[in-house]
Amino acid sequence: MRSTVRLQQIVSMENYREIIAEEEARLARILQDIQSTLTEEEEDKRRKNQELAELKQQKLEAVGWREKREIEERIRAFLNHWHMRRYNDPIALNQPYFGVLKLADDDLGSLSYCLGRRSFFGGNGKLLVLDWREAPVSRLYYEYEAGEFYDEKIQGRERSGTIAAKRQVEASGGELRSILENQVQLVRDSEGEWRTADEEGGAVSRKEEKADHRLPEISALISREQFQAITHPESSTVILQGGAGSGKTTVGLHRIAYLAYQDPERFRPNRILVVVFNRSLRHYISGVLPQLGMQSGVQVETYHSWAGKLLRSAGIQVSYSSRQPGARIAQFKKSPQMMTLVDAYLQMLLSRSRDWFLEELQRFRDPKVHEITTLSLVAYRPRVDGLRPG
(Lines give C-alpha, C1' and ligand atoms only; values in the text may rest on other atoms or scores of the structure.)
Protein backbone atom coordinates (compact mmCIF):
# COMPACT_ATOMS: atom_id res chain seq x y z
CA MET A 1 0.00 0.00 0.00
CA ARG A 2 2.76 2.42 0.97
CA SER A 3 4.69 1.67 -2.24
CA THR A 4 1.54 2.40 -4.27
CA VAL A 5 1.12 5.77 -2.58
CA ARG A 6 4.77 6.58 -3.18
CA LEU A 7 4.40 5.68 -6.88
CA GLN A 8 1.41 7.99 -7.16
CA GLN A 9 3.43 10.77 -5.57
CA ILE A 10 6.26 10.27 -8.05
CA VAL A 11 3.84 10.34 -11.00
CA SER A 12 2.18 13.46 -9.56
CA MET A 13 5.51 15.27 -9.20
CA GLU A 14 6.49 14.45 -12.79
CA ASN A 15 3.64 16.71 -13.89
CA TYR A 16 5.34 19.65 -12.17
CA ARG A 17 9.00 19.02 -13.05
CA GLU A 18 8.88 21.50 -15.92
CA ILE A 19 7.51 24.26 -13.67
CA ILE A 20 10.14 23.55 -11.00
CA ALA A 21 12.98 23.55 -13.55
CA GLU A 22 11.69 26.78 -15.12
CA GLU A 23 11.48 28.62 -11.79
CA GLU A 24 14.83 27.33 -10.53
CA ALA A 25 16.47 28.53 -13.75
CA ARG A 26 14.69 31.89 -13.47
CA LEU A 27 15.85 32.43 -9.88
CA ALA A 28 19.44 31.45 -10.71
CA ARG A 29 19.51 33.78 -13.71
CA ILE A 30 18.08 36.76 -11.81
CA LEU A 31 20.34 36.23 -8.81
CA GLN A 32 23.36 36.04 -11.12
CA ASP A 33 22.35 39.25 -12.89
CA ILE A 34 21.76 41.04 -9.57
CA GLN A 35 25.08 39.84 -8.20
CA SER A 36 26.87 41.04 -11.33
CA THR A 37 25.19 44.42 -10.93
CA LEU A 38 26.23 44.55 -7.28
CA THR A 39 29.83 43.78 -8.21
CA GLU A 40 29.76 46.54 -10.84
CA GLU A 41 28.26 48.96 -8.36
CA GLU A 42 30.94 48.21 -5.78
CA GLU A 43 33.60 49.01 -8.35
CA ASP A 44 31.63 52.08 -9.41
CA LYS A 45 31.36 53.11 -5.75
CA ARG A 46 35.15 52.90 -5.39
CA ARG A 47 35.65 55.11 -8.46
CA LYS A 48 32.99 57.56 -7.33
CA ASN A 49 34.60 57.90 -3.90
CA GLN A 50 37.84 58.80 -5.59
CA GLU A 51 36.12 61.34 -7.89
CA LEU A 52 34.26 62.87 -4.96
CA ALA A 53 37.49 63.25 -3.00
CA GLU A 54 39.07 64.98 -6.01
CA LEU A 55 36.12 67.39 -6.31
CA LYS A 56 36.33 68.26 -2.63
CA GLN A 57 40.06 68.87 -2.98
CA GLN A 58 39.42 71.16 -5.97
CA LYS A 59 36.91 73.10 -3.88
CA LEU A 60 39.51 73.61 -1.13
CA GLU A 61 42.06 74.82 -3.66
CA ALA A 62 39.63 77.10 -5.53
CA VAL A 63 40.26 80.84 -5.12
CA GLY A 64 37.19 82.67 -6.42
CA TRP A 65 33.69 82.25 -5.03
CA ARG A 66 32.30 81.54 -8.51
CA GLU A 67 34.63 78.61 -8.94
CA LYS A 68 33.78 77.29 -5.46
CA ARG A 69 30.04 77.54 -6.20
CA GLU A 70 30.42 75.71 -9.52
CA ILE A 71 32.33 72.88 -7.83
CA GLU A 72 29.73 72.74 -5.04
CA GLU A 73 26.96 72.35 -7.62
CA ARG A 74 28.92 69.58 -9.33
CA ILE A 75 29.33 67.80 -5.98
CA ARG A 76 25.60 68.11 -5.25
CA ALA A 77 24.60 66.77 -8.69
CA PHE A 78 27.17 64.02 -8.31
CA LEU A 79 25.71 62.86 -4.97
CA ASN A 80 22.10 62.99 -6.23
CA HIS A 81 22.96 60.79 -9.21
CA TRP A 82 25.08 58.45 -7.11
CA HIS A 83 22.28 57.60 -4.67
CA MET A 84 19.77 56.77 -7.40
CA ARG A 85 20.76 53.09 -7.59
CA ARG A 86 21.99 51.33 -4.50
CA TYR A 87 20.85 47.75 -3.92
CA ASN A 88 21.52 47.68 -0.19
CA ASP A 89 18.34 46.01 1.09
CA PRO A 90 19.41 42.61 2.55
CA ILE A 91 15.80 41.39 2.86
CA ALA A 92 15.05 42.11 -0.79
CA LEU A 93 18.32 40.51 -1.87
CA ASN A 94 17.56 37.35 0.14
CA GLN A 95 14.29 36.97 -1.77
CA PRO A 96 14.35 39.38 -4.72
CA TYR A 97 10.83 38.53 -5.87
CA PHE A 98 7.73 36.69 -4.65
CA GLY A 99 5.50 36.54 -7.72
CA VAL A 100 5.83 35.50 -11.36
CA LEU A 101 3.38 36.77 -13.97
CA LYS A 102 3.40 35.37 -17.50
CA LEU A 103 1.34 37.10 -20.18
CA ALA A 104 0.24 36.17 -23.67
CA ASP A 105 -0.06 39.75 -24.94
CA ASP A 106 -1.99 40.31 -28.15
CA ASP A 107 0.58 42.80 -29.49
CA LEU A 108 3.85 42.01 -27.68
CA GLY A 109 3.65 38.23 -27.49
CA SER A 110 4.94 36.26 -24.50
CA LEU A 111 6.02 38.41 -21.55
CA SER A 112 7.19 37.59 -18.05
CA TYR A 113 7.37 39.81 -14.97
CA CYS A 114 8.77 39.10 -11.53
CA LEU A 115 7.21 41.10 -8.69
CA GLY A 116 9.14 41.92 -5.53
CA ARG A 117 9.57 44.41 -2.71
CA ARG A 118 11.55 46.70 -4.98
CA SER A 119 12.65 46.93 -8.59
CA PHE A 120 15.98 45.56 -9.76
CA PHE A 121 17.71 46.43 -13.01
CA GLY A 122 20.61 44.66 -14.66
CA GLY A 123 23.80 46.41 -15.68
CA ASN A 124 22.39 46.92 -19.18
CA GLY A 125 19.27 48.59 -17.78
CA LYS A 126 17.08 45.51 -18.32
CA LEU A 127 14.26 45.15 -15.80
CA LEU A 128 14.81 42.06 -13.64
CA VAL A 129 12.25 42.57 -10.88
CA LEU A 130 9.28 44.94 -10.79
CA ASP A 131 8.24 46.70 -7.58
CA TRP A 132 4.77 45.48 -6.52
CA ARG A 133 3.74 49.14 -6.11
CA GLU A 134 3.98 49.71 -9.88
CA ALA A 135 0.20 49.44 -10.13
CA PRO A 136 -0.31 49.30 -13.94
CA VAL A 137 1.45 45.94 -14.23
CA SER A 138 1.05 44.59 -10.70
CA ARG A 139 -2.72 45.05 -11.06
CA LEU A 140 -2.64 42.17 -13.54
CA TYR A 141 -1.04 39.98 -10.87
CA TYR A 142 -3.37 40.89 -8.03
CA GLU A 143 -6.67 41.35 -9.85
CA TYR A 144 -6.57 38.56 -12.46
CA GLU A 145 -6.29 34.79 -12.35
CA ALA A 146 -4.53 32.46 -14.76
CA GLY A 147 -6.51 32.00 -17.96
CA GLU A 148 -8.42 35.29 -17.63
CA PHE A 149 -8.50 37.88 -20.40
CA TYR A 150 -7.20 41.37 -19.55
CA ASP A 151 -7.71 44.74 -21.19
CA GLU A 152 -5.81 47.49 -19.36
CA LYS A 153 -4.04 50.76 -20.07
CA ILE A 154 -0.36 50.31 -19.16
CA GLN A 155 2.16 53.13 -19.53
CA GLY A 156 -0.28 55.09 -21.67
CA ARG A 157 -0.91 52.20 -24.04
CA GLU A 158 -3.94 49.93 -24.38
CA ARG A 159 -2.86 46.37 -23.68
CA SER A 160 -4.89 43.19 -23.98
CA GLY A 161 -4.21 39.50 -23.79
CA THR A 162 -4.44 36.50 -21.48
CA ILE A 163 -2.84 35.72 -18.13
CA ALA A 164 -0.77 32.69 -19.15
CA ALA A 165 0.46 31.89 -15.63
CA LYS A 166 0.47 33.38 -12.15
CA ARG A 167 2.78 31.92 -9.53
CA GLN A 168 3.75 32.73 -5.99
CA VAL A 169 7.32 31.72 -5.21
CA GLU A 170 9.42 31.72 -2.08
CA ALA A 171 13.19 31.71 -1.92
CA SER A 172 15.74 31.96 0.83
CA GLY A 173 19.51 32.20 0.69
CA GLY A 174 19.52 31.86 -3.10
CA GLU A 175 17.47 28.64 -3.09
CA LEU A 176 13.92 28.18 -4.33
CA ARG A 177 11.76 26.81 -1.49
CA SER A 178 8.15 26.95 -2.63
CA ILE A 179 5.95 27.43 -5.71
CA LEU A 180 2.21 28.02 -5.57
CA GLU A 181 0.15 27.90 -8.76
CA ASN A 182 -3.54 27.12 -9.33
CA GLN A 183 -4.03 26.13 -5.68
CA VAL A 184 -1.21 23.56 -5.90
CA GLN A 185 1.80 24.21 -3.67
CA LEU A 186 5.15 22.62 -4.37
CA VAL A 187 7.70 22.70 -1.55
CA ARG A 188 11.30 21.65 -1.14
CA ASP A 189 11.79 19.60 2.02
CA SER A 190 14.79 19.59 4.36
CA GLU A 191 16.51 16.96 2.20
CA GLY A 192 16.18 19.03 -0.95
CA GLU A 193 13.41 16.91 -2.50
CA TRP A 194 10.34 18.50 -4.07
CA ARG A 195 6.87 17.42 -2.95
CA THR A 196 3.34 18.72 -3.07
CA ALA A 197 2.32 20.36 0.19
CA ASP A 198 -0.40 17.77 0.86
CA GLU A 199 2.09 14.90 0.71
CA GLU A 200 3.64 13.43 3.82
CA GLY A 201 6.63 15.58 4.72
CA GLY A 202 5.69 18.13 2.09
CA ALA A 203 4.91 21.06 4.36
CA VAL A 204 7.80 23.33 5.30
CA SER A 205 8.06 23.26 9.08
CA ARG A 206 8.18 26.31 11.32
CA LYS A 207 11.52 25.04 12.56
CA GLU A 208 12.93 25.27 9.02
CA GLU A 209 11.52 28.78 8.63
CA LYS A 210 13.13 29.85 11.88
CA ALA A 211 16.43 28.23 10.95
CA ASP A 212 16.83 30.27 7.76
CA HIS A 213 15.35 33.42 9.34
CA ARG A 214 12.47 33.45 6.90
CA LEU A 215 9.70 36.01 7.23
CA PRO A 216 6.26 35.54 5.68
CA GLU A 217 6.02 37.43 2.37
CA ILE A 218 2.75 39.21 3.05
CA SER A 219 2.91 41.20 -0.19
CA ALA A 220 2.34 37.95 -2.07
CA LEU A 221 -0.85 37.16 -0.13
CA ILE A 222 -2.83 40.28 -1.03
CA SER A 223 -6.24 39.51 -2.52
CA ARG A 224 -7.94 41.33 -5.39
CA GLU A 225 -10.21 43.31 -3.04
CA GLN A 226 -7.30 44.20 -0.75
CA PHE A 227 -5.22 45.44 -3.68
CA GLN A 228 -8.08 47.66 -4.82
CA ALA A 229 -8.27 49.19 -1.33
CA ILE A 230 -4.49 49.66 -1.23
CA THR A 231 -4.40 51.48 -4.59
CA HIS A 232 -7.53 53.57 -4.01
CA PRO A 233 -7.11 57.21 -5.17
CA GLU A 234 -5.09 59.13 -2.58
CA SER A 235 -7.46 62.11 -2.51
CA SER A 236 -10.01 60.36 -0.35
CA THR A 237 -10.42 58.57 2.96
CA VAL A 238 -10.52 54.78 2.93
CA ILE A 239 -12.40 53.01 5.72
CA LEU A 240 -11.52 49.34 6.25
CA GLN A 241 -14.00 47.13 8.07
CA GLY A 242 -13.59 43.47 8.88
CA GLY A 243 -13.29 40.92 11.62
CA ALA A 244 -10.13 39.73 13.32
CA GLY A 245 -7.67 38.23 10.84
CA SER A 246 -9.38 39.68 7.77
CA GLY A 247 -6.28 41.64 6.74
CA LYS A 248 -7.05 45.19 7.84
CA THR A 249 -3.52 45.77 9.18
CA THR A 250 -1.96 44.25 6.05
CA VAL A 251 -3.99 46.53 3.78
CA GLY A 252 -3.30 49.60 5.91
CA LEU A 253 0.48 49.07 5.93
CA HIS A 254 0.63 48.31 2.22
CA ARG A 255 -1.43 51.42 1.49
CA ILE A 256 1.11 53.50 3.38
CA ALA A 257 3.92 51.97 1.33
CA TYR A 258 1.96 52.41 -1.91
CA LEU A 259 1.17 56.10 -1.33
CA ALA A 260 4.76 56.87 -0.28
CA TYR A 261 6.04 55.18 -3.43
CA GLN A 262 3.60 56.92 -5.77
CA ASP A 263 4.06 60.42 -4.30
CA PRO A 264 7.18 60.45 -2.08
CA GLU A 265 7.22 64.24 -1.74
CA ARG A 266 3.69 64.42 -0.34
CA PHE A 267 3.76 61.21 1.70
CA ARG A 268 7.13 61.60 3.38
CA PRO A 269 7.84 59.17 6.27
CA ASN A 270 8.07 61.99 8.84
CA ARG A 271 4.55 63.09 7.87
CA ILE A 272 2.98 59.67 8.41
CA LEU A 273 1.43 58.62 11.74
CA VAL A 274 0.20 55.10 12.52
CA VAL A 275 -1.97 54.79 15.64
CA VAL A 276 -2.81 51.36 17.09
CA PHE A 277 -4.27 50.14 20.36
CA ASN A 278 -1.60 47.87 21.84
CA ARG A 279 2.17 47.71 22.14
CA SER A 280 2.62 44.33 20.48
CA LEU A 281 0.93 45.57 17.29
CA ARG A 282 3.04 48.73 17.41
CA HIS A 283 6.19 46.59 17.64
CA TYR A 284 5.02 44.40 14.74
CA ILE A 285 4.25 47.38 12.50
CA SER A 286 7.60 49.01 13.29
CA GLY A 287 9.28 45.85 12.00
CA VAL A 288 7.11 45.36 8.92
CA LEU A 289 7.25 48.90 7.47
CA PRO A 290 10.99 48.71 6.59
CA GLN A 291 10.29 45.44 4.75
CA LEU A 292 7.75 47.32 2.63
CA GLY A 293 10.34 49.86 1.55
CA MET A 294 9.43 52.58 4.04
CA GLN A 295 12.35 54.64 5.27
CA SER A 296 12.82 55.42 8.92
CA GLY A 297 10.77 58.30 10.25
CA VAL A 298 7.23 56.91 10.28
CA GLN A 299 5.75 57.54 13.71
CA VAL A 300 4.07 54.43 15.16
CA GLU A 301 2.21 55.10 18.42
CA THR A 302 -0.34 53.46 20.65
CA TYR A 303 -3.49 55.54 20.97
CA HIS A 304 -2.95 56.19 24.67
CA SER A 305 0.65 57.36 24.13
CA TRP A 306 -0.28 59.61 21.20
CA ALA A 307 -3.35 61.13 22.87
CA GLY A 308 -1.43 61.61 26.13
CA LYS A 309 1.29 63.59 24.35
CA LEU A 310 -1.30 65.85 22.71
CA LEU A 311 -3.09 66.50 26.00
CA ARG A 312 0.13 67.18 27.90
CA SER A 313 1.28 69.60 25.18
CA ALA A 314 -1.97 71.49 25.82
CA GLY A 315 -1.25 71.60 29.55
CA ILE A 316 -3.77 68.89 30.43
CA GLN A 317 -2.51 66.21 32.79
CA VAL A 318 -3.92 62.73 32.19
CA SER A 319 -3.54 59.34 33.81
CA TYR A 320 -4.69 55.91 32.70
CA SER A 321 -6.10 53.06 34.72
CA SER A 322 -6.35 49.36 33.87
CA ARG A 323 -9.58 49.02 35.82
CA GLN A 324 -12.64 48.08 33.80
CA PRO A 325 -15.32 50.80 33.67
CA GLY A 326 -18.52 50.25 35.54
CA ALA A 327 -21.63 48.97 33.83
CA ARG A 328 -23.31 52.40 33.80
CA ILE A 329 -20.24 54.03 32.19
CA ALA A 330 -19.99 51.34 29.53
CA GLN A 331 -23.72 51.68 28.84
CA PHE A 332 -23.37 55.44 28.47
CA LYS A 333 -20.42 55.19 26.06
CA LYS A 334 -22.24 52.67 23.85
CA SER A 335 -25.49 54.61 23.80
CA PRO A 336 -26.67 55.89 20.37
CA GLN A 337 -27.12 59.28 22.04
CA MET A 338 -23.35 59.53 22.43
CA MET A 339 -22.87 60.46 18.76
CA THR A 340 -25.55 63.17 19.08
CA LEU A 341 -23.69 64.65 22.05
CA VAL A 342 -20.36 64.52 20.18
CA ASP A 343 -21.90 66.26 17.14
CA ALA A 344 -23.39 68.96 19.38
CA TYR A 345 -20.03 69.52 21.09
CA LEU A 346 -18.23 69.80 17.75
CA GLN A 347 -20.86 72.25 16.52
CA MET A 348 -20.28 74.39 19.61
CA LEU A 349 -16.50 74.39 18.97
CA LEU A 350 -17.08 75.29 15.33
CA SER A 351 -19.34 78.22 16.28
CA ARG A 352 -16.80 79.54 18.77
CA SER A 353 -13.98 79.25 16.22
CA ARG A 354 -16.08 81.00 13.56
CA ASP A 355 -16.99 83.90 15.86
CA TRP A 356 -13.38 84.31 17.01
CA PHE A 357 -12.09 84.27 13.45
CA LEU A 358 -14.58 86.87 12.21
CA GLU A 359 -13.79 89.12 15.19
CA GLU A 360 -10.05 88.86 14.50
CA LEU A 361 -10.60 89.81 10.84
CA GLN A 362 -12.23 93.09 11.87
CA ARG A 363 -9.44 94.03 14.28
CA PHE A 364 -6.86 94.62 11.53
CA ARG A 365 -5.41 98.15 11.53
CA ASP A 366 -4.48 98.38 7.87
CA PRO A 367 -7.20 100.39 6.06
CA LYS A 368 -7.07 98.25 2.93
CA VAL A 369 -7.31 94.98 4.86
CA HIS A 370 -10.19 96.41 6.89
CA GLU A 371 -11.93 97.52 3.69
CA ILE A 372 -11.53 94.11 2.09
CA THR A 373 -12.64 92.37 5.29
CA THR A 374 -15.74 94.56 5.64
CA LEU A 375 -16.79 94.08 2.02
CA SER A 376 -16.19 90.33 2.01
CA LEU A 377 -17.58 89.57 5.48
CA VAL A 378 -21.13 89.17 4.26
CA ALA A 379 -20.01 86.88 1.43
CA TYR A 380 -17.60 84.96 3.65
CA ARG A 381 -19.99 84.21 6.53
CA PRO A 382 -22.17 81.73 4.57
CA ARG A 383 -19.01 79.79 3.67
CA VAL A 384 -18.05 79.52 7.34
CA ASP A 385 -21.61 78.63 8.27
CA GLY A 386 -21.45 75.88 5.69
CA LEU A 387 -18.72 74.12 7.66
CA ARG A 388 -20.59 71.43 9.53
CA PRO A 389 -19.18 68.32 11.20
CA GLY A 390 -19.72 65.07 9.36
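The values are calculated or read from the model by the stated rules, or taken from the named source; none is laboratory data. The structure presented is a predicted model; accordingly, all values stated were derived computationally and were not measured. Note: ideal-geometry Cβ built from the backbone for every residue, glycine included; neighbour counts use all protein chains shown.
Here are the numbers:
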item: Any strands (runs of 3 or more DSSP E) falling wholly within segment 132-191 and containing at least 3 residues that are in contact with a strand residue (DSSP E or B) (Cβ under 8 Å, 6 or more places away or on another chain) and either small (Gly, Ala, Ser) or at pLDDT 95 or above (or both); result: 157-172
item: Pairs, first closer than 16 Å to residue 167 by Cα in segment 184-199, second assigned to a loop (DSSP other than H, G, I, E, B) and modelled with pLDDT of 85 or more, C-beta under 6 Å, six or more apart; result: 186/16
item: Checklist (1) in contact with a Leu (Cβ under 7 Å, 6 or more places away or on another chain); (2) over 20 Å from residue 116 (Cα atoms); (3) at pLDDT 90 or above applied to residue 196, failing item; result: (3)
item: Residues of segment 209-245 classified as at pLDDT 85 or above and among the hydroxyl-bearing types (Ser, Thr, Tyr), total; result: 2
item: Residue list for segment 112-149, restricted to those being loosely packed, with under 15 Cβ neighbours inside 10 Å and among the aliphatic types (A, V, I, L, M); result: 127, 146
item: Failed criterion for residue 123 (all others in (1) touching a strand residue (DSSP E or B) at 6+ places or on another chain (Cβ under 9 Å); (2) more than 23 Å from residue 264 (Cβ to Cβ) hold); result: (1)
item: Per-region count, segment 92-142, residues within 19 Å of the chain's Cα centre (by Cα) and of a type in the set (D, E, K, R); result: 6
item: Residue in segment 295-309 that is without any contact (Cβ under 8 Å) to a residue 24 or more places away in the chain, farther than 30 Å from residue 268 by Cβ and surrounded by 10 or more Cβ atoms within 10 Å (Cβ to Cβ) present; result: no
item: Helices (runs of 4 or more DSSP H) contained entirely in segment 272-390, each with at least 2 residues that are of a type outside the set (Ser, Thr, Tyr), modelled with pLDDT under 80 and more than 30 Å from residue 131 (Cα to Cα); result: 337-361, 367-385
item: Condition broken by residue 258, with the remaining ones in (1) of a type outside the set (S, T, N, Q); (2) part of a loop (DSSP other than H, G, I, E, B); (3) under 22 Å from residue 141 (Cα atoms) satisfied; result: (2)
item: Failed condition for residue 25, given (1) loosely packed, with under 12 Cβ neighbours inside 10 Å; (2) modelled with pLDDT of 80 or more; (3) among the small types (Gly, Ala, Ser); (4) more than 30 Å from residue 222 (Cβ to Cβ); result: (4)
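Results for (1) closer than 30 Å to residue 167 by Cβ; (2) polar (S, T, N, Q); (3) in contact (Cβ under 8 Å) with a residue 60 or more places away in the chain; (4) not assigned by TED's automatic domain parsing to the domain that holds residue 168, shown as yes or no for each residue.
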| site | (1), (2), (3), (4) |
| --- | --- |
| 237 | no, yes, no, yes |
| 244 | yes, no, no, yes |
| 248 | yes, no, no, yes |
| 254 | yes, no, no, yes |
| 266 | no, no, no, yes |
| 275 | no, no, no, yes |
| 279 | no, no, no, yes |
